Every structure is written in C-alpha cells, then in structure tokens.
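Quick notes on the structure that follows.
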Amino acid sequence: MEKDTLIFAVESSCDETAAAVVKNGRTVLSNIISSQIDIHKLYGGVVPEIASRKHMEKINQVMSEALSEAEVSIRDIDAVAVTYGPGLVGALLVGVSAAKAAAFAAKKPLVGVHHIEGHISANYIEHKDLEPPFLCLVISGGHTHLVIVRDYGEYKIIGRTRDDAAGEAFDKVARAIGLGYPGGPKVQKMAESGNEDAIFFPRASIEGAPYDFSFSGVKSAVLNYMNGCRMKGIEPDRADVAASFQKAVIDVLVSHAILAAEEYHFDKIALAGGVASNTALRFAMKKACEEKNIRLYYPSPVLCTDNAAMIGAAGYYDFIRGQRSGWDLNAVPNLKLGKCAE
Ligand code: KG4
Ligand code: ZN
C-alpha cells in the first residue's frame with residue numbers, strides 16, 4: 001500500500017484565519033477556521049489593517065489546533081501549503097510567514113497555493129469521483145470566473161467579471177437594503193420570504209464576450225429602486241428586493257455556465273467560492289443541469305467560503321506534481337491563476 005501524503009495547509013487571504021491537515025488531497029483530518037466577521041461587521045466590510053492584526057493574534061493557535069485535532073505532529077507532515085495570493089497583502093503575509101516558519105523549522109517542503117485554485121479544489125474533497133477536465137464557476141467576494149479545469153493545476157479562464165464580483169454585488173446590495181456584512185447569507189435569508197418576480201432587475205450580457213459578467217448594473221438598479229421608493233415616500237418591500245436581485249444574479253450565472261458547458265462540450269460543472277453556498281443558486285443550477293444532462297458538483301457551505309482544507313487539497317496536487325516554493329515566497333495580492341492560458 002502506498003504511503004499517505006499529509007499536507008498542513010494555511011489560509012489567511014481575507015478575514016478567516018484557517019489551518020487544516022488534508023490526507024491525499026481528498027480527506028480532511030482537521031479544518032480549523034477562526035472568523036473575524038464579528039469585528040469587520042462593525043465597519044460594514046473587511047478592514048485590511050484590522051484583518052492583518054487579527055490574523056497575527058490567531059495564526060499560531062489555529063495552526064497548532066489543526067495539528068492536534070488531526071492527531072499528527074509537524075514531523076508526520078509531508079509539506080506545508082499556504083495561500084500566497086490573491087488577497088489582502090497584509091493578511092496574506094501573516095499566513096505566508098507562519099507557514100514558512102513552520103516548514104523551515106520542521107525541514108519540510110513549502111508549497112505556495114493560489115487562493116482560487118483552492119476554491120476549485122474544495123470540490124475534490126467532497127466528490128471523490130471528480131477529476132478534471134470539467135468546467136468551474138468560481139464565485140466569491142473578489143472573483144467571478146468561468147474556468148476550464150483541464151487538469152490538476154491547469155486552468156483556462158474563459159469568462160470573468162468586468163466590474164463587481166458576484167459576492168461583492170451581494171455585499172453591496174445587502175448594505176443598500178439595510179442588512180449588514182457579510183451580505184450574501186443575509187440577502188439569501190431575506191429573499192426566502194420575498195417574491196423573486198416582484199421587481200425586474202437587469203441581466204447584463206456583454207457583446208462579443210458571452211461568458212463575461214457584469215454586476216454593477218444590477219447593483220445600481222437596486223440602489224436606484226431604493227432611492228426611488230424613498231423619494232416617493234414608499235416603504236420598499238426589502239424581501240422582494242432581495243429575492244428579485246438574487247434571481248437576476250442567479251439567472252446570469254446559470255445561463256452563462258450552461259452556455260459555456262454546451263459550447264465546450266462539458267458534462268460536468270463544479271461551483272466554487274462563497275456564493276456557491278447560496279441555496280437558491282444551487283437549486284437553479286441543479287435544475288438547469290438536469291435538463292441538459294450535466295452533472296453538477298458543489299462543496300458543502302463550510303468548504304465554499306474561505307478555509308484551509310481547500311488549500312490542502314490544491315496543495316496536495318501541486319506537491320505531487322513537484323511544485324515547491326523557496327524561502328523567499330512572498331504574498332502576491334493580484335496573483336494570476338497558475339499556468340493558465342487566458
Ligand atoms: O470565497 P469567499 O469566502 O471569500 C473570497 O474569496 O472572496 O466569498 C465570500 C463572499 C462574500 O461576498 C459573501 O457575501 C458571499 O461570498 N457569500 C454568499 C453566500 N455566502 C457567502 N453570497 C450569496 N449567498 C450566500 N449564501
Ligand atoms: Zn475565497
């Protein structure tokens with residue numbers, strides 16, 4: 001029997017301090033997440049300086065908890081994987097420095113991981129049968145990409161947002177209708193009691209770029225609608241606004257993904273990123289995929305939003321392909337998605 005490969009993974013690109021131990025890229029032995037949401041929600045969004053400081057306070061504790069929960073010592077680990085971009089530079093630096101220190105002290109290889117590659121790889125944890133090639137819709141707070149996953153570590157971005165990311169639109173609309181941060185889950189909750197056909201918000205498409213997205217128009221339409229109500233002295237039905245906005249975003253995400261799958265002949269679509277935990281999106285995507293005989297994959301909500309287990313999964317495939325980082329590994333806030341043809 002082949003020896004197991006254990007990856008000790010660290011993630012600190014935004015507002016979660018996270019560490020995990022992952023076996024053979026697919027089995028999670030521990031997945032510790034310390035969220036800073038309670039602090040950032042006081043300010044209506046992530047404050048980068050506070051995020052870095054909170055990561056520094058928590059990182060050592062989170063990393064040792066991940067090892068102890070997995071019942072392994074750093075000596076048993078094959079490599080240390082860490083997110084080195086994209087993300088907030090100060091936040092990334094904390095994880096990168098801590099991972100480097102741990103790897104250097106234990107004489108273990110270091111593997112720098114792309115955050116989006118992590119989100120995509122979260123699907124490998126939940127779906128043991130999923131292997132590339134497949135189409136992946138990456139929808140997070142900072143990114144909205146349609147990605148062809150050709151092989152492990154080989155990506156081609158065929159569509160991207162021209163302005164706001166899908167999660168960003170949820171967060172901004174949440175603020176506009178008086179819900180706090182983070183907006184996505186709150187909009188989803190409020191939408192449950194609303195009528196999704198009550199208000200028509202625009203579905204943007206870009207001429208000549210059928211897989212690209214634009215969410216700033218729908219966001220502005222919601223803001224205009226709210227202002228219009230205010231000026232007329234009407235109390236807007238916030239649940240209807242939330243449901244109608246959510247429907248507009250979902251319609252675009254689903255139609256673009258299905259169009260790309262058909263055009264590129266994919267019978268597998270995976271969802272990834274924080275917005276992939278949206279239940280209405282999952283439902284709409286499932287329905288559309290069933291109609292087209294496409295298999296749909298998505299991670300459970302805890303693996304959709306930022307976590308280190310997904311970095312462990314991606315790090316494993318990077319590691320077995322021989323990818324190593326030097327001790328000069330640095331945080332790269334605008335890191336491009338690995339060996340990818342755009
Ligand atoms: O992937 P993620 O945790 O962090 C980034 O890499 O950006 O995604 C966070 C984003 C936030 O914008 C959040 O509002 C959104 O994902 N989100 C959701 C839901 N849960 C999180 N959006 C819609 N519905 C949800 N249930
Ligand atoms: Zn993320």
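Readers should treat all values here as calculations from the given coordinates under stated rules, not as data from a laboratory. All of these numbers come straight from a predicted model, not from anything done at the bench. As a convention, Cβ positions derive from the backbone with ideal geometry for all residues, glycine included, and neighbour counts pool all protein chains shown.
Structure notes:
- Entry note, the chain: the mean residue ellipticity at 222 nm calculated from DSSP H runs of n ≥ 4, each adding -39500 (n - 2.57), is -14000 deg cm²/dmol after division by the residues and rounding to the nearest 500.
- With each label modelled as a point 7 angstrom along the Cα→C-beta vector, the residue 104-residue 255 pair spans 5.3 nm.
- Extension reserve of the residue 209-residue 265 stretch, reckoned as 0.36 nm per residue once the Cα distance is removed: 18.4 nm
- DSSP-assigned coil residues among trypsin sites (Lys or Arg not before Pro) in segment 1-65, each with at most 14 further Cβ atoms within 10 Å: 3
- Low-density loop positions, GluC sites (Glu not before Pro), segment 109-181 - DSSP coil, at most 15 other Cβ in 10 Å: none
- Under a Gaussian network description of the chain, with springs only between Cα atoms under 10 Å, the residue in 229, 289, 136 that fluctuates furthest is 229.
- As a proxy for reagent exposure, 171, 76 were ordered by neighbouring Cβ count within 10 angstrom, fewest first; the result is 76, 171.
- Gain upon complete extension [residue 5, residue 321; 0.36 nm per residue less C-alpha separation]: 112.5 nm
- Among 231, 56, 310, the residue with the largest mean-square fluctuation in a Gaussian network model of the chain, with springs joining Cα atoms closer than 10 Å, is 231.
- As a proxy for reagent exposure, 234, 50 were ordered by neighbouring Cβ count within 10 angstrom, fewest first; the result is 234, 50.
- Residue of 257, 169, 106 that the Gaussian network model of the chain assigns the largest fluctuation, springs spanning Cα pairs under 10 Å: 106
- Beta bridges from DSSP with both residues in the chain: antiparallel share about 60 percent, rounded to the nearest 5.
- Separation of the residue 279 and residue 295 label points, Cα + 7 Å toward Cβ, nm: 2.6
- Segment 46-184 shape via C-alpha gyration tensor axes, a/c threshold 1.5: oblate
- Förster radius 25 Å - calculated FRET efficiency between residue 73 and residue 27, Cβ distance, rounded to 0.05: 0.85
- Note on segment 132-299: percent of Cα-Cα distances in each 10 Å bin, starting at 0 and stopping at the bin with the largest distance, equals 11, 41, 33, 13, 3, 0.
- P(r) tail for segment 216-276: Cα pairs beyond 12 Å make up 75% of the total.
- Rounded to 5, percent antiparallel among DSSP beta bridges of segment 1-153: 70
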